[in-house]
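The values are calculated or read from the model by the stated rules, or taken from the named source; none is laboratory data. Quantities reported herein were computed from a predicted structural model and do not represent experimental measurements. So basically every Cβ, Gly included, is an ideal-geometry build from the backbone, and we count neighbours across all protein chains shown.
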Amino acid sequence: MYVVLLSDEVLNLARFRRCNPDYDVTRPCVYVGMTGLSPDVRFDKHKAGIQANRLVTKYGVRLMPELYEMYNPMPYDAARDMEVELAIGLQEQGYGVWQG
């Protein structure tokens, strides 16, 4: 599991805004993903465009370990489920969320 802080510029994308109708402007925008690699290595790959999500490549600022460290490490099946649960939970708290 990992969470990437996205720059506020991501809010210029209509598709991001459509997916986050209840976004609270006091909360950050984030990308939630899962990986078998260390989050640092995975973030570097996103930024280098290697198996990357375009939003993270363009708008990724830094990792937010305070939002995911407590979940790592975990088995693949659990991580797959937790990725969705974490994304939904953050969105319910008002975060702008994009999920991998």
Is it fair to say ARG27 is more than 17 Å from GLY100 (Cα to Cα) and at pLDDT 95 or above? yes
Those residues of the stretch 1-16 which are more than 21 Å from GLU85 (Cβ to Cβ) and without any contact (Cβ under 8 Å) to a residue 60 or more places away in the chain amount to SER7, ASP8, GLU9, ASN12, LEU13, ALA14, ARG15
Residues of the stretch 66-79 being without any contact (Cβ under 8 Å) to a residue 60 or more places away in the chain and either farther than 12 Å from LEU5 by Cα or surrounded by 13 or more Cβ atoms within 10 Å (Cβ to Cβ) (or both), in sequence order, are GLU69, MET70, PRO73, PRO75, TYR76, ASP77, ALA78
Among the residues of the stretch 65-100, how many are assigned to a loop (DSSP other than H, G, I, E, B), small (Gly, Ala, Ser) and in contact with a Cys (Cβ under 9 Å, 6 or more places away or on another chain)? 0
Exclusive hit being among the basic types (Lys, Arg), at pLDDT 95 or above, surrounded by 18 or more Cβ atoms within 10 Å (Cβ to Cβ) and not in a loop (DSSP other than H, G, I, E, B), set ARG42, ARG62: ARG42
Which of the numbered conditions does VAL41 fail, given that it passes all the others? Conditions: (1) farther than 20 Å from ASN12 by Cβ; (2) touching a helix residue (DSSP H, G or I) at 6+ places or on another chain (Cβ under 7 Å). (2)
